[in-house]
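Here, each number is a calculation from the coordinates, and none is a lab measurement. Not measured: the values here are computed from a predicted model. Methodologically, a virtual Cβ is constructed for each residue, glycine included, from the backbone with ideal geometry; neighbour enumeration extends over all protein chains shown.
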């Protein structure tokens, strides 16, 4: 036998069934829950909504909102100020981290060092990712590699990482710092990049000099 519940008790039980904390992973699940809540509200504001409902060809949510006039959003001034300050700070930090990448994109006289890291198994450090044009930029990059008789150490640098469908992986480092290539051997001793006795190849890519090397684990 059914329970003889008061209207208030029915509302309380229906309210308990609303999945307030649920994170829906599909549109169907979300739509079902929205329809359930809209049906409860329609019972309150439009008690006769079920009469002829299917002929309207509306969803429960559309029917509920049919006579509702939207209200213009007005952001709280303090919230707007905080959001703008946060955005400006993020943009400043990103600009600083991407400065070498942006300089190289604008000036093809800046060469790249392309490091083939396809066979490297060791991990690397990073603190962010950005998409600049079609380039996948990793900021705060840090790792160490062996290259022939030499070594490559990169710390807190922004690099372009390129992973191909064939399974190849390349790192592009813009050489905005002082560097030397003599008899095909590269030497760099800067604050964040140290390259010692690394033999490199030389290519030209879209009018830019690209030094190439294959890296191994240390």
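Quick rundown of the values:
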read-out: Rounded to 10°, Cα long-axis angle of helix 27-45 versus longest principal axis of the chain; value: 30 degrees
read-out: Distribution of pairwise C-alpha distances over segment 30-106, 5 Å bins, in %; value: 3, 12, 13, 11, 8, 6, 8, 9, 8, 8, 7, 4, 3, 1
read-out: Helix-only CD estimate at 222 nm, as mean residue ellipticity for the chain, using -39500 (n - 2.57) per DSSP H run (n ≥ 4); value: -9500 deg cm²/dmol
read-out: Dimensionless Rg over Rh [the chain; C-alpha; Kirkwood]; value: 1.30
read-out: Crossing angle, helix 77-97 versus the chain [Cα axis fit, 0-90 degrees, rounded to tens]; value: 20 degrees
read-out: Segment 99-214: proportion of alpha-carbon pairs further apart than 18 angstrom, %; value: 48 percent
read-out: For the chain: relative contact order, % (alpha-carbon pairs under 8 angstrom, 6 or more apart); value: 18 percent
read-out: Least to most buried among 62, 206 (fewest other Cβ within 10 Å first); value: 206, 62
read-out: Theoretical gain in end-to-end length, residue 34 to residue 57 [0.36 nm per residue, Cα-Cα removed]; value: 6.6 nm
read-out: Beta bridges by DSSP in the chain, antiparallel share as percent, to the nearest 5; value: 90 percent
read-out: Nitroxide proxy distance, nm - points 7 Å out along Cα→Cβ at residue 183 and residue 163; value: 4.0 nm
read-out: Tilt relative to the chain, helix 7-16 - C-alpha long axis, 0 to 90 degrees, to 10; value: 10 degrees
